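Let me begin by presenting the structure, written as structure tokens, before commenting on it.
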Amino acid sequence: MTTLPSATANTAFGGLLLPLDAFRTSTLAAVLGEALAARARDITDAELVLTRHPSAALVMATIEGKVVGDDPAAFWRENAELALVASQVLPREVFLVYAKTAPSREEAFLVAGQGQMLGADEANAERLGPNAPEDAWPIARLCAQIGIAYDDLAAGFSGGPAVRVSLVEPRIDDRQALMILAGQAPPEDTGTAASGPPPSGEKDELSDEARRRKQKEAEARRRQEQAEAVGAHLAYAVDDLGVVVAPEAELDDTDIIGRYVVHPVGRDLPPGLPRDLASALEGKRIDVVVPVSFLSEVFVGNRPLDKATWQAEANPFSLGGRQALRMAVHAPRLGQGTLIEVDGKRAFLSRTPDMLVPEAFVLRVLGLTT
């Protein structure tokens, strides 16, 4: 249940909300520092603080120092481009959130992925009025959607595992930082995750630019390996419209999934589909069906889908003899499609609701049949 701060308290907060993934803390700090410095911001004492939720695999990234000033909500509102900057070095989408409760309430979040703004939602007391229901407020809805308390987010996940690093010299053991955030004891020989100068005599052999280039190259290799693994274990179902595939990837792995959304099919097929299907599929469709963990992974208009909209607008239908719900949505960088829910499990199908659904295949992807 979403718990709000006291209405009389002047609570102001903001930061980046991201999944606990294999990202580099040093790179994230470096790009945020560069972005702020480019705007002539004084970051001499600024630190990036990453704190994991005590029980959920979510991380809140905040910035401390005089650059933030006395109003963190205003800082993140005025520097919303930090979401775009951060999304370029993070494997999944990132939410920039900010809110304040006094003197009048205002809330907003923005969603960014791979350097692009994917959606936003904002509200204030003047727009919504004094008697607005709680689910009218963006951050309150977001907290309810992902199952965390409003107070936990407002406190920056205080009490959870945390690491901090300077924005000016982001020297940190990235592997150890991730282990700390994951709640694992770091190996004894990796030093500490605290920021600060390296031991005496230790020198950086690579410039920041060279180091980041190597990091990008390593990430590109990792993505290529993942793409090859997806192609090697690709489940699919052929129907009258073409073929629907189920790549083993997250919905926001669009560089991998996107190659399997093809309308119409030409002579070449994406990796994992048998070559002998090429002639039969030419001029038809290749679509994907991908499990979805959170409603906010898909959008309605320019806003992430929320529970209230889903409950109000999803349409019932029968899927393989089971009661199901569906709704027209779009997935960032994948396009229009349908969100389907059966027995509390959801998947995105890159076909609109008026199109044929491979029912048995969708149920199998959802883990409801074998």
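The values are calculated or read from the model by the stated rules, or taken from the named source; none is laboratory data. Every value quoted in this text rests on a predicted model; they were computed, and no experiment measured them. Cβ sites come from the backbone with ideal geometry, for glycine too, and all protein chains shown count toward neighbours.
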Review point. Can residue 96 be described as out of contact with any Leu (no Cβ under 7 Å at 6 or more places or on another chain) and either crowded, with 24+ Cβ neighbours inside 10 Å or not in a loop (DSSP other than H, G, I, E, B) (or both)?
Key: no
Check your understanding: Among the numbered criteria (1) under 23 Å from the mean Cα position of the chain (by Cα); (2) more than 20 Å from residue 246 (Cα to Cα), which single criterion is violated by residue 318?
Key -> (1)
Practice item. Find all pairs meeting these conditions: Cβ atoms under 7 angstrom apart; at least six residues apart or on different chains; first residue within the stretch 339-360 and of a type in the set (Gly, Ala, Ser); second residue surrounded by fewer than 19 Cβ atoms within 10 Å (Cβ to Cβ). Key: 347/291; 350/335; 360/320; 360/369
**Study point:** Residue that is assigned to a strand (DSSP E or B) and in contact with a Ser or Thr (Cβ under 6 Å, 6 or more places away or on another chain), where the choices are 120, 112, 140, 108
**Key:** 112
Check your understanding: In the stretch 226-265, which residues are closer than 17 Å to residue 298 by Cβ and either surrounded by fewer than 17 Cβ atoms within 10 Å (Cβ to Cβ) or modelled with pLDDT under 95 (or both)?
Key -> 249, 250, 251, 252, 253, 254, 257, 258
Check your understanding: When both residues are 6+ apart or on different chains and their Cβ atoms are under 7 Å apart, which pairs have a first residue that lies in the stretch 305-327 and is closer than 15 Å to residue 348 by Cα, and a second that is in a strand (DSSP E or B) and among the small types (Gly, Ala, Ser)?
Key -> 324/318
Practice item. Of the numbered conditions (1) without any contact (Cβ under 8 Å) to a residue 24 or more places away in the chain; (2) in contact with a helix residue (DSSP H, G or I) (Cβ under 8 Å, 6 or more places away or on another chain), residue 246 fails exactly one; give the number of that condition. Key: (1)
Exercise for review: Look at the stretch 300-313 and say how many of its residues are hydrophobic (A, V, I, L, M, F, W, C) and surrounded by fewer than 18 Cβ atoms within 10 Å (Cβ to Cβ).
Suggested key: 2
